[in-house]
1. Among the residues of the stretch B:282-291, is any within 26 Å of B:TYR247 (Cα to Cα), away from chain A (no Cβ under 14 Å), free of Cβ contacts under 8 Å to residues at least 24 places away in the same chain and more than 20 Å from the chain's Cα centre (by Cα)?
2. Working carefully through the options B:ALA28, B:ALA77, find the one that is in contact with an Asp or Glu (Cβ under 9 Å, 6 or more places away or on another chain) and modelled with pLDDT of 90 or more.
3. B:PHE446 versus (1) in a strand (DSSP E or B); (2) open to solvent by 20 Å² or more (accessible area, probe 1.4 Å): which is the lone unmet condition?
4. Any idea which residue in the stretch A:241-268 is surrounded by the most Cβ atoms within 10 Å (Cβ to Cβ), counting only those that are modelled with pLDDT under 90 and of a type in the set (Gly, Ala, Ser)?
5. Kindly establish whether B:VAL151 is without any contact (Cβ under 8 Å) to a residue 60 or more places away in the chain, farther than 30 Å from B:TRP302 by Cα, open to solvent by less than 60 Å² (accessible area, probe 1.4 Å) and of a type in the set (Val, Ile, Thr).
6. Collect the residues in the stretch B:248-284 that are in contact with a Ser or Thr (Cβ under 8 Å, 6 or more places away or on another chain) and of a type in the set (A, V, I, L, M), keeping them in residue-number order.
7. Go through the stretch B:54-71 and give me each residue that's surrounded by 19 or more Cβ atoms within 10 Å (Cβ to Cβ) and either aliphatic (A, V, I, L, M) or at pLDDT 90 or above (or both).
8. Working only within the stretch A:32-73, note down all residues that are in a strand (DSSP E or B), within 14 Å of chain B (Cβ to nearest Cβ) and not hydrophobic (A, V, I, L, M, F, W, C).
Amino acid sequence: MANPYRIELSHPLRYTTVWTTGSPLPGYSVLGGGAVNARTGEFQVELGLPSREVSQRLAPTNDLYLYTQAADIRSYEVVDAYRPRVVLYEDVNDNEQLDLPRATSAAPDRVLAIDDDYYTMGAVLDVEALLREAAPALVDLYYEATGGRFTAFIPTRGTGDYVYVGEASFTYTFLLDDSGIAFASLECLRNVSTRSTALPPNVVLDDALDTALCGLDYGACRSDELDRLPAPAVSMVSSSGYQRQAVCRRREDLEALAVNERRLGCERCECVSESTLDVFVAAREELPPWWPCGDQVVYCESESSLTGYPSECLGLAGLAGGTQSEG
Amino acid sequence: MFRPLRVTSRFLSVLGCVVVLLPREAAAAQSVFADGRDSYTLLERHLLNRQLADQLEEQPYRLWRSAGRLTFASDLAIGTQQTLHAAQQSRFHGYFLADLFAAAPIVDGLDANLNLLTFNPSASDGYRVSAEVRPGFALHWTQDLGEVDGVPLVANVLGPDLGWVTLGKGLLLEQIPAEGVTGDLSWQGLGVRNTYVGRALWPDDDVISSSLRVFGGLAELGLVNWKTHRYDLYDDREMEATRSAWYLSAAVDLPLGRGFRVAGEYAVRRRQGTRGGALGRIDYLHRGSSWLSVHTGYQLRWYDARFGPRRELVPPSSVFNTPYQEDVYATNSFEYLYLSEWFEQISHTLMLEVHARLGSYLDLFVEAEEWARHATGHGAEYPVLYSPEGFRAPGNLLRLYYRTGVSLLPFTGLPHRLSAFVTNKQVRGGYYATEPISRRFDSGTFWALQLEAWL
């Protein structure tokens, strides 16, 4: 488990397994769980099968495809499998169980991470049938994947209709993310679509400058008195749902402040990452009093357009003071 | 000077007389060299591809036994089979089978033996579409090398068609059709034999057996080297050096008189300590009376975990799958060695065959084998496995194999018959009889009609 966005946790972090069912109504069955050591990030996931009654209603199931080939002999078998969700959550109400939004009247827990869609563990729904009917080569494959253990749980890879046997050395990895994408993946049964949009840049020129400076660059371009505008937020923010970075540019007698923001939001099984760029341009001799360049925001040397955010300047945000350039 | 082999072992001379066999049991009264067939059963004992003249001495009904120096025989059958409780018919369900034998002495003591097994397993495939001819050839050389203390020292060499091969009493290998070569020296109840089997139970195995017989075969010491070539069957690549599994065995076979007999075999091998296996068997056989023949028997088998010759999860396979396999008990080492790596196995088997003559023309027969198996996992962790036959290990299984019915023998004094029977023991096969299969018998209940003749 890693916490790259440094999400603050004011309640214990726990994990649990969630088995989704499809009938008579879509629902969840939560099984097992334990504490996660947020400091070390390592923990043991204990997997167990739900009751027979729940097992019969699991949805969606996958076709687990076992295949092996030796010389001219191909062996394959397709068995029903279900890939349980392993969910990391902040136990807001300290009741050591997962309370999902809209599923409980209790204060919902924060779902912060979930197992990967592609590489995860699957549960073979009828192991006895697999062992009874599969060719010995496939039985061998099964035991190779499970490390020689007789268990329903087997590493898998793939998504969609067919999944395949994965590597025996499988390890769960989790990245804490408070953008809501983890909960969307759970609620939408792994069926989350993601897309990114980048809005056209919004360029504000100081009213002393000619709007011809924008040239044919794509986006809005207007003049305004920068002195009278509120200072834009420029501090670097890096969280799973929101990121902001700013960089300064200069060319001849002009300076530009570019502020790039990205917001990630999920609604109805669609997660959209929207990026905006605000650029402020002023004459070096007439900078507004809130101008942060050289102080809160570094300069980046680049030959590209002054009204954009050069790619070579990415990553420099947050390095306060002075001029930085890559390369 | 060479003369034909006449084996008169001390075992038979102690008994004092030769048991006359009913025509149903097509085995020679005189011993056949390296005879791997089960001699304590009423299941059909098919001809071996050697010493044909000796085998036919007790079968005067054969119409065409010799032509000059040549000896001929043929076992003929046609049959049809339908399902009672089975998903589908087995492979041999509308078939003919013509087992043709010819033998000729080349010189005194050296015989050439040719067997043509021709068959068509299924009329459903179309006219002659799946008909096959599977030839077997054996040269059999026997010679007195001289005398020691007035008793001949006899040598025998036979190959490559060994027919039904059994090592010891069948703990390791029992009634497996095989090719290879076997050589033997015998003298006054003592004998040493060396046998090489080219393919026993796996495509990449070889079995080399050396044995010492004493007291005319009442006791036997054996040394078996079961080689597997560590060929990765699934990745199609040679692995490291050939692996050998060495077995030391001791076997006894004691006739108790009045038709009773006890036999046993114990073998050990070194594999992470000493691994053992044992077979014990007691039989009662009565045949030859005017109307009733009975065999009943019990056998116990024990296979320690890791006793089998290979470590990989590769089940044994059979590459000669004809109805003749139905005359071999289901209790066979073939069924134990796949699971041997992980499980200790014990089994108890009751065998019963009854043939009763009703009047002049009808025979009632019941053949049954009740097989109780038990497998226990070895070590702290072990897998769950299913044998190809459907036995879940660890676990228990009780299974009954049977064939029961009636035969009409319309020709007085001749064995040719029309049989109708119900059975759950039908040989499983691929499209070709030599396709390797790991499950010997199809599941289900069948009824069959079969017409047989012996020429």
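The values are calculated or read from the model by the stated rules, or taken from the named source; none is laboratory data. Bear in mind that the values here come from a model prediction, so they are computed numbers and not experimental data. As a convention, Cβ positions derive from the backbone with ideal geometry for all residues, glycine included, and neighbour counts pool all protein chains shown. Surface areas here come from the heavy atoms of the whole protein model, side chains and all, with no ligands, DNA or RNA. Shrake-Rupley method; radii C 1.70, N 1.55, O 1.52, S 1.80 Å.
1. no
2. Values: B:ALA28 fails: modelled with pLDDT of 90 or more.
Criteria check complete, one pass: B:ALA77.
3. Unmet condition: (2).
4. Looking at the filtered set, the residue picked out is A:GLY241.
5. Numbers: without any contact (Cβ under 8 Å) to a residue 60 or more places away in the chain: yes; farther than 30 Å from B:TRP302 by Cα: yes; open to solvent by less than 60 Å² (accessible area, probe 1.4 Å): yes; of a type in the set (Val, Ile, Thr): yes.
Taking the combined requirement at face value, the residue satisfies it.
6. First pass over the stretch B:248-284, keeping only residues in contact with a Ser or Thr (Cβ under 8 Å, 6 or more places away or on another chain): B:265-268, B:283-284.
Correct list: B:ALA267, B:VAL268.
7. Residues satisfying the conditions are B:ASP54, B:GLN55, B:LEU56, B:THR71.
8. So in the stretch A:32-73, the residues in a strand (DSSP E or B) come out as A:32-35, A:58, A:62-70, A:73.
Checking which are within 14 Å of chain B (Cβ to nearest Cβ) leaves us with A:66-70, A:73.
Result: A:TYR67, A:THR68, A:GLN69.
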